[in-house]
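> Take this structure first; my questions come after.
The values are calculated or read from the model by the stated rules, or taken from the named source; none is laboratory data. Here the structure is a predicted model, which means the values were calculated and not measured. When we count neighbours, we look across all protein chains shown, and the Cβ atoms used for this are built from the backbone with ideal geometry, even at glycine.
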């Protein structure tokens, strides 16, 4: 099962590209949170008559949480991996990893499906947040996107485990 298989190389490149996007989105979201809260603090200290920028921080929590969770699933840094790594028997450990990734597929698919309804409502209603008039569909869209990305990573992990190919991320 060498790494020179064309499909494996393509999957690694595709998933690596997704992971790079997720990592940058989470880092950028954290920066927006820090700036949003920092600007609000400065505005209050200087007593400027400006709207609170805490709303930016609230909106940025969605991509940090959900797209960041997708990156964590790529890196295999979720709670089930700690339990699976403790299993001594390799075939049982592999079956447990497949079951864990299948469970992640079910969770991400269900969560994404439910969030999609909320996204459709937020999009069609045109609802906006109060302070900075940010459309509600933006943070809700990040929930849908994060769930979809988690589904992709977990489905590709199942494929790798079933075919005996090396896994991505930290748990190699």
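> Taking the options 142, 105, name whichever one is in a helix (DSSP H, G or I) and either closer than 30 Å to residue 50 by Cα or at pLDDT below 95 (or both). Before you say what the answer is, go through the steps one by one.
Values: 105 fails: either closer than 30 Å to residue 50 by Cα or at pLDDT below 95 (or both).
Of 142, 105, the one residue that is in a helix (DSSP H, G or I) and either closer than 30 Å to residue 50 by Cα or at pLDDT below 95 (or both) is 142.
For every residue, the table says whether it meets (1) in contact with a strand residue (DSSP E or B) (Cβ under 9 Å, 6 or more places away or on another chain); (2) touching a residue at least 12 places away in the same chain (Cβ under 8 Å); (3) part of a helix (DSSP H, G or I).
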{"site": "20", "(1), (2), (3)": "no, no, yes"}
{"site": "50", "(1), (2), (3)": "no, no, no"}
{"site": "91", "(1), (2), (3)": "no, no, yes"}
{"site": "94", "(1), (2), (3)": "no, yes, yes"}
{"site": "100", "(1), (2), (3)": "no, yes, yes"}
{"site": "109", "(1), (2), (3)": "no, yes, yes"}
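> Follow-up question, since we're still on this one. Identify all residues within region 159-172 that are buried (at least 18 other Cβ atoms within 10 Å of the Cβ) and in a helix (DSSP H, G or I); write none if there are none.
Just the residues of region 159-172 that are buried (at least 18 other Cβ atoms within 10 Å of the Cβ), to begin with: 160-161, 165, 168-169.
Of everything in region 159-172, those that are buried (at least 18 other Cβ atoms within 10 Å of the Cβ) and in a helix (DSSP H, G or I) turn out to be 160, 161.
For (1) over 19 Å from residue 165 (Cα atoms); (2) surrounded by fewer than 12 Cβ atoms within 10 Å (Cβ to Cβ), each residue gets a yes or a no:
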position: 14; (1), (2): no, no
position: 21; (1), (2): yes, no
position: 24; (1), (2): yes, no
position: 32; (1), (2): yes, no
position: 49; (1), (2): yes, yes
position: 57; (1), (2): yes, no
position: 63; (1), (2): yes, no
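> A further question follows. Name the residues in region 142-162 that are under 11 Å from the mean Cα position of the chain (by Cα) and within 18 Å of residue 99 (Cβ to Cβ), would you?
Taking region 142-162 as the starting set, the residues that turn out to be under 11 Å from the mean Cα position of the chain (by Cα) are 142-153.
If the condition is that a residue be under 11 Å from the mean Cα position of the chain (by Cα) and within 18 Å of residue 99 (Cβ to Cβ), then 150, 151, 153 are the ones that fit.
> Among the residues of region 58-90, which ones are modelled with pLDDT of 95 or more and more than 17 Å from the chain's Cα centre (by Cα)?
none
> Right, something else. Return the total of residues in region 1-10 being surrounded by 14 or more Cβ atoms within 10 Å (Cβ to Cβ) and either over 22 Å from residue 151 (Cβ atoms) or touching a helix residue (DSSP H, G or I) at 6+ places or on another chain (Cβ under 6 Å) (or both).
The initial filter retains those residues of region 1-10 that are surrounded by 14 or more Cβ atoms within 10 Å (Cβ to Cβ), namely 8.
Subset that is either over 22 Å from residue 151 (Cβ atoms) or touching a helix residue (DSSP H, G or I) at 6+ places or on another chain (Cβ under 6 Å) (or both): none.
Qualifying residue count for the region: 0.
> Does at least one position in region 71-80 carry a residue that is crowded, with 20+ Cβ neighbours inside 10 Å, farther than 20 Å from residue 164 by Cβ and out of contact with any strand residue (DSSP E or B) (no Cβ under 9 Å at 6 or more places or on another chain)?
The first filter runs over region 71-80 and keeps only residues crowded, with 20+ Cβ neighbours inside 10 Å, leaving 71, 73-74, 76.
Subset that is farther than 20 Å from residue 164 by Cβ: 71, 73.
After this cut, where a residue has to be out of contact with any strand residue (DSSP E or B) (no Cβ under 9 Å at 6 or more places or on another chain) as well, the list is 71, 73.
Scanning region 71-80 turns up at least one residue that is crowded, with 20+ Cβ neighbours inside 10 Å, farther than 20 Å from residue 164 by Cβ and out of contact with any strand residue (DSSP E or B) (no Cβ under 9 Å at 6 or more places or on another chain).
Here's the yes/no breakdown for (1) in a helix (DSSP H, G or I); (2) touching a residue at least 40 places away in the same chain (Cβ under 8 Å); (3) in contact with a helix residue (DSSP H, G or I) (Cβ under 6 Å, 6 or more places away or on another chain):
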| site | (1), (2), (3) |
| --- | --- |
| 12 | yes, yes, no |
| 26 | yes, yes, yes |
| 42 | yes, no, no |
| 59 | yes, yes, yes |
| 62 | yes, yes, yes |
| 67 | yes, yes, yes |
| 82 | yes, no, no |
